[in-house]
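Enquirer: Here it is: the structure, laid out below.
Read-outs throughout are calculated quantities, based only on the coordinates presented, and are distinct from any laboratory measurement. This is a predicted model, so every value here is computed, not measured. Virtual Cβ from ideal backbone geometry, glycine too; neighbours counted across all protein chains shown.
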Amino acid sequence: MKPFALSLLLIFTTTFALAAQPLVTPEWVHNNREKSGVVILDLQDAKAYQRYHVPGAVNSSYGEWRRESVKKITQIMTPPAQLEKLIGRLGIDNDTHVVLVITGNGAGDMASASRVYWTFKALGHDQVSILDGGLINYAQKRVYPLQNGRNQAEPKVFKVNLRADYIPDAKGVKTALEKGALAVDNRSRAEYMGIYSGSGKERPGSLPKAVNISYDWLTANGGATFHNIDNLKKIYAAIQVPLSGAQINYCHTGHRAALGWFVSHELLGNKQARLYDGSTAEWALDHALPMEQKVQLKH
């Protein structure tokens, strides 16, 4: 083989080998947690983290990754400049493989992990994975050790390379829908139908022509372990959601929809799927934006 061709082969082979998988197992975490370049990032609140965590894990509670916008839209992504500093303080640089660990108390916890995963991707960092099933799944193996107390990371420099297209605002979502993007509502059926009203002055209902895949349908029995790929494809097929094409995942605050985005974009490979950060907390307040209410109730 010619030297140039061999060099290319080595580059591609190395890149493939180092590519982070979206989901990792407890076995993977146990076998790789002490390796250089791997950081286990625990997303539990500080008290839960100090009680038990994967040995060596550093902690940043989920709430640090979200905040209220200047327009009073709740729970949107923390500004990139702040996240850049936070991530660096956690001992993470642009070459670090970050493994996200949450407690594992159901689909809601996995939505938290998915949301932080999406944040890393939006910031331009692809070396990130989620521990499937969370810390509970890891602890159930019994042979894997747990640690208490707190670990202090050695700060590093992390630089944001923002992917603005990962973070569409209401205007961008409206344009995408007008061009034929499919809105996927990852809220409950009652919220989607307009049976449950929104918070405060939010209008009930869904985005135009949206289909409904409740976020907890995407994990086994609504737990913390994701369905396998075949089962996810069956769920999407049953609801007639294509596995490719422009897609907008939304919910109320972008929490539950993060799990829907993770399944579409990362597990099923639809790279045109986007998470609407503001979701109905933003959309439903603006009467210039269209909504559909399947059931007309007087709230």
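Enquirer: How far, in nm, would the chain grow between residue 230 and residue 142 when pulled straight, counting 0.36 nm per residue and subtracting the alpha carbon separation?
Expert: Between residue 230 and residue 142, full extension yields an extra 28.8 nm.
Enquirer: Using the structure shown, select from 174/294; 179/209; 71/298 the pairs with a Cα to Cα distance greater than 24 angstrom.
Expert: 71/298
Enquirer: A further question follows. List the aspartates and glutamates whose Cα lies under 17 Å from the Cα of residue 171, skipping any in the same chain that are fewer than 8 positions away.
Expert: 277, 282, 286
Enquirer: Given an 8 Å cut-off on Cα distances and at least 6 residues of separation, report the relative contact order of the chain as a percent.
Expert: Values: 577 pairs, mean separation 58.3, N = 299.
RCO, the chain: 19 percent.
Enquirer: Report relative contact order for segment 101-151 in percent, whole number only (criteria: Cα-Cα under 8 Å, sequence separation at least 6).
Expert: It rounds to 40 percent for segment 101-151.
Enquirer: Please report the antiparallel percentage of DSSP beta bridges with both residues in segment 168-283, rounded to the nearest 5.
Expert: Roughly 10 percent of the beta bridges in segment 168-283 run antiparallel, per DSSP.
Enquirer: How would you rank 217, 118, going from fewest to most other Cβ atoms within 10 Å of each one's own Cβ?
Expert: In order of increasing Cβ crowding within 10 Å: 217, 118.
Enquirer: Pull up the DSSP beta bridges for segment 20-139 and report the antiparallel fraction as a percent, rounded to 5.
Expert: Antiparallel bridges: around 15 percent, rounded to the nearest 5.
Enquirer: Report the antiparallel proportion of the DSSP beta bridges in the chain as a percent, rounded to a multiple of 5.
Expert: Numbers: 5 of 26 bridges.
DSSP beta bridges in the chain are roughly 20 percent antiparallel.
Enquirer: Turning to a different aspect of this structure: When 36, 206 are ordered from fewest to most other Cβ atoms inside 10 Å of their Cβ, what list results?
Expert: Arranged by neighbour count, lowest to highest, 36, 206 become 36, 206.
Enquirer: Would you tally the net charge around residue 163, using a Cβ to Cβ cut-off of less than 12 Å, leaving residue 163 out, and scoring K and R as +1, D and E as -1?
Expert: Summing Lys and Arg as +1 and Asp and Glu as -1 gives +1.
Enquirer: Extension gain residue 240-residue 47, at 0.36 nm per residue separation less the Cα-Cα distance, in nm?
Expert: Full-extension gain reported as 65.2 nm.
Enquirer: Next question, about the same structure. Quick one: order 219, 74 by neighbouring beta-carbon count within 10 Å, fewest to most. Don't skip to the end; give the middle numbers.
Expert: On the way: 219 23, 74 16.
Ascending number of Cβ neighbours within 10 Å: 74, 219.
Enquirer: Which residue fluctuates the most in the chain, going by a Gaussian network model with Cα springs under 10 Å, if the choices are 174, 159, 35?
Expert: Among 174, 159, 35, the largest mean-square fluctuation in the Gaussian network model of the chain belongs to 35.
Enquirer: Please determine, in degrees from 0 to 90 and to the nearest 10, the orientation of helix 80-89 with respect to the longest principal axis defined by the Cα atoms of the chain, where the helix direction is its Cα long axis.
Expert: 30 degrees
Enquirer: Follow-up. So if I take the centroid of the Cα atoms in segment 197-271 and the same for segment 272-292, what is the distance between those two points in Å?
Expert: 15 Å
Enquirer: Would you tally the net charge around residue 254, using a Cβ to Cβ cut-off of less than 13 Å, leaving residue 254 out, and scoring K and R as +1, D and E as -1?
Expert: +1
Enquirer: For segment 28-174, calculate the relative contact order in percent as a whole number, restricting contacts to Cα pairs under 8 Å that are 6 or more residues apart. Don't jump to the answer; show the numbers that get you there.
Expert: On the way: 242 pairs, mean separation 44.1, N = 147.
Once normalised by length, the contact order is 30 percent.
Enquirer: Pick the calculated Rg and Dmax of the Cα atoms in Å for this structure from (1) 20.7, 73; (2) 19.9, 74; (3) 18.0, 54?
Expert: Label of the calculated value: (2).
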